Amino acid sequence: MALLTFKGGLHPFEGKELTKDLPVEVYMPTGDMVYPLSQHIGAPAVPCVAKGDTVLRGQKIADAGGFVSAPIHASCSGKVKAIEMRLVPTGSMVNSIVIENDGEYNEVEYQGADLESLDKKTILERIQAGGVVGMGGAGFPTHVKLAPKEPDKIEYVLLNGAECEPYLTSDYKRMLEKPEKLVAGLQVILKLFDNAVGCICIENNKPDCIAKMQALVKDLPRIEVKELLTKYPQGGERNLIKAVTGREINSTMLPADVGCVVDNVDTVIAIEEAVLEGRPLMTKLITLTGDGMARPHNVETPTGTDVQELIESQGGLKEGFSKLIAGGPMMGFAMYNTHVPCVKTTSSFLAFMEDPVSQTTPTACINCGRCVGACPSHILPARVATFAEHGDQAMFEKYDGMECCECGCCSYVCPAKRPLTQSIKSMRKMVLASRRKK
Amino acid sequence: MEQTYQVSSNPHVRDKMTTERLMQLVAIALLPATLVGIWNFGLRAFLVVLVSVVSCVIFEWLYDRLMKKPNTVRDFSAVVTGLLIALNMPSGIPLWMPILGSAFAIIVVKQLFGGLGQNFMNPALAARCFLMISFAGSMTNFAVGEGFKGVIDATTGATPLAALKAHGYTGEVPVLNLFLGNVQGTIGETSALALLIGAAILLIFKVISPRIPVCYIGSFAVFTIIYMLATGKGFDGGFLFSQLFGGGLMLGAWFMATDYVTSPITPNGQIVFGVFLGILTGIFRLIGSSAEGVSYAIIIGNLLVPMIERFTLPTAFGKGGKKA
């Protein structure tokens, strides 16, 4: 089978060997747990507990604040200590429920269900009730994504197992260790879309996952495994759709517009747990990695765990490390402080001894066109970034600056070390803000 | 606030390739042609190379210093410019001319327009054209000393292309010699073989994409064939290949038309640019009155780059693709 791919992108240093063959560990924190009310795109959740209440693990502590929103569940048992503003990994302050963890982890009872007995409406309700959001990074509420206007027009359900970010291996571990859950979750989604086939999309740097999945789905008529060429950003929604179906969407379109639904590995597992087991989203598999991490490995931890506590319990950071990133090296956020909670969209913490960015000085653009070759959005990053730096919104939009997917490829390849992605990103934010004003 | 860590916008990793390294690779890729030139024309050619490179570097350093700008000598672009100026000179040139050319290239063409990345034409070619117009005699005096190891065209004592222009392909200078480079010409242009080795280096290390040079040489070849057929000469392989290997075509197409700063950044624009240069070179060489045409074709092409880019903007992902 020919490898599926897209035009643009690049091959950064993989770094996955640091963690990919190490066993997954489980951590049960003892410190306070923090649950920000905005762990998703859309309206913040509304607390349904008050200070002093006792809660159990798995109990809902905040209701969805609207249709595009998601409820939040406690991942430990204990007492609500406060509802106050707390710092989150992306650097902003968000209203959060703080629970004093009693360390007992007393759980509520979960109502399992059989897929055969569930209709479409109930499936979506169970996904919503489980607080499932897209865990590829954006955190879009999954019950909204899985309820497009015309479900009959969905032809592809793409399970995004590309994991194209360097260093990250949590999806890889999930695919190897819980493949049955993954297939079951995909079948749940397929039940919502009568005309769709399910594609498990995996990059060819994970041949063991591909083989395992292929063996598992060989008798399932509606599911197939798609092998992708290893290239960043293959796991970007738009690039994945292009590689598998040949269809293209731009920044103003949704995957559903071209008959696709894309969900990442973690999300599909959460769907399986929410729908079939009745368990809400409460734990995250997190890759702790990088040369600044004393003991790189994957660890499963409840949402709400304090990052400082998690990292220290897992061996800590090496002396003299200089940068800590939430997420992968290409699209992650640099963190200035570790007293933040793990949230639903947290996938990894990456520590670098040396920060390659602050060691370089941007010099003049030499027009070499490397950014153009690497850009998966097929725009001219060098030009667009210049318009952004000049604050020229008209030209920025004319040169399709809004089509940027912020993948970071242009900054990565730039021989003059210009922060192209950064310039384009900030201009995009300004344009979006000015559009909202109108 | 307690302990804080270093932050920056994504991405947090960078490719190893730098401007410096790219320029060094170009300089390395020019070495085969330089060495053949020195072997061919003797020590005098080495002197021209040395003077050009050193003077370019000094002018770059001096300008930065006088204008209180950060020192840009380390980016190696001045070395490449100096090397290209030297390779575009006859070996017998008076040494003050490459110095003057270097000053023009670095100060007038490059720095006055804002330095690396801002110049609108290739500095080395601009210097060559400037010297060509000012001192046509010295710039076209290809008389060679006793050390010369190549084939001397007895008919005219001029470069192979000039002979070709005057008499057509006579076989006086065989195509093989044009390919190997032991003929008269500027220091760096004579050996197509050495230049192609350099081109291979550029391609292998992905310094350039083949779009511009392939379109340039390809369209020029097509133009030449059409010219031969249209003027009733009939297809003459000797003529075609001496046009391709002779003169500055290989040097220009692989090393000067591909100058990042003065060529289009858009992939389609690079194709248009290459074809345009090929046709223009054909017109200059075959229809116009001069035997050479590469330098002027590229310079004129450079000026059209902003326009070419504007008409060849790529279609953003998802804005033209197949819909469901």
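Numerical summary
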{"read-out": "Label-point gap, in nm, between A:E354 and A:N106 - each point 7 angstrom along Cα→Cβ", "value": "5.4"}
{"read-out": "Positive-pole candidate from A:M395, A:T421, A:C371, dipole of the stretch A:370-437, charges at beta carbon", "value": "A:T421"}
{"read-out": "Neighbour-count ranking [beta-carbon atoms within 10 angstrom, fewest first] of A:S434, B:S242, A:S313, A:S423", "value": "A:S434, A:S313, A:S423, B:S242"}
{"read-out": "Net length gained if the chain between A:D219 and A:K7 were fully extended (0.36 nm per residue, minus Cα distance)", "value": "73.0 nm"}
{"read-out": "Spacing of the two label points (7 Å from each Cα toward its C-beta) at A:E389 and A:A113, in nm", "value": "5.5"}
{"read-out": "Distance between modelled label sites at B:A230 and B:I300, nm, 7 Å Cα→Cβ extension", "value": "1.4"}
{"read-out": "The stretch A:116-277 - charge dipole about Cα centre, Lys and Arg +1 at Cβ, Asp and Glu -1, debye rounded to 20", "value": "180"}
{"read-out": "Exposed-site-free run, longest, chain A (rule: GluC sites (Glu not before Pro); DSSP loop; at most 14 other C-beta within 10 Å)", "value": "A:110-318"}
{"read-out": "Alpha-carbon centroids, the stretch A:168-207 and the stretch B:232-310: separation in whole Å", "value": "53"}
{"read-out": "C-alpha center-to-center spacing [the stretch A:126-151, the stretch A:13-90] in angstrom", "value": "17"}
{"read-out": "Where trypsin sites (Lys or Arg not before Pro) in DSSP loops with at most 12 other Cβ within 10 Å are excluded, longest remaining stretch of chain B", "value": "B:234-321"}
{"read-out": "Reachable aspartates and glutamates, given that their alpha-carbon falls under 15 Å from the alpha-carbon of A:K231 and they are not under 8 places away in the same chain", "value": "A:E14, A:E163, A:E165, A:E203, B:D15"}
{"read-out": "A:H378, A:H11, A:H73 arranged by Cβ crowding within 10 Å, fewest neighbours leading", "value": "A:H11, A:H378, A:H73"}
{"read-out": "Rounded to the nearest 20 debye, dipole of the stretch B:19-139 from Cβ charges on Lys, Arg, Asp, Glu", "value": "120"}
{"read-out": "The stretch B:19-139, relative contact order in percent, only Cα pairs under 8 angstrom and at least six apart counted", "value": "27"}
{"read-out": "Nearby aspartates and glutamates by direct alpha-carbon distance to B:K110 (threshold 16 angstrom, same-chain neighbours under 8 apart not counted)", "value": "B:E60, B:D64, B:D75, B:D259"}
{"read-out": "Loop trypsin sites (Lys or Arg not before Pro), the stretch A:61-167 (other Cβ atoms within 10 Å of the site Cβ: 14 or fewer; DSSP)", "value": "A:K149"}
{"read-out": "Set of lysines with alpha-carbon distance to A:K398 below 28 Å, sequence-local pairs under 8 removed", "value": "A:K7, A:K242, A:K417, A:K425, A:K429, A:K437, A:K438, B:K319, B:K322, B:K323"}
{"read-out": "Unit charges at the beta carbon, dipole of chain A: most positive-side option, A:I123, A:L87, A:I249", "value": "A:I249"}
{"read-out": "Point-charge dipole on Cβ atoms (K/R +1, D/E -1) for chain B, about Cα centre, debye to 20", "value": "740"}
{"read-out": "Per DSSP, loop trypsin sites (Lys or Arg not before Pro) in the stretch A:238-319 with at most 16 further Cβ within 10 Å", "value": "A:K318"}
{"read-out": "Residues A:M353, B:M67 arranged by fewest to most Cβ contacts within 10 Å", "value": "B:M67, A:M353"}
{"read-out": "Virtual paramagnetic centre 7 Å along Cα→Cβ of B:M307, amide N under 15 Å, in the stretch B:261-277", "value": "B:264, B:272-274, B:276-277"}
{"read-out": "Non-local Lys pairs in the stretch A:79-175, i.e. 8 or more apart or on different chains, that have alpha carbons under 28 Å apart", "value": "8"}
{"read-out": "Förster-model FRET efficiency, 51 Å R0, A:F67 and B:S134, C-beta, rounded to 0.05", "value": "0.10"}
{"read-out": "Computed [θ] at 222 nm, helices only, for the protein assembly as shown once each DSSP H run of length n ≥ 4 contributes -39500 (n - 2.57)", "value": "-11500 deg cm²/dmol"}
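Rule-based calculations on the coordinates, nothing more; no lab input. In this text the structure is predicted, and so the values were computed from the model without any measurement. Don't worry about glycine lacking a Cβ; one is built from the backbone with ideal geometry, like all the others, and counts go over all protein chains shown.
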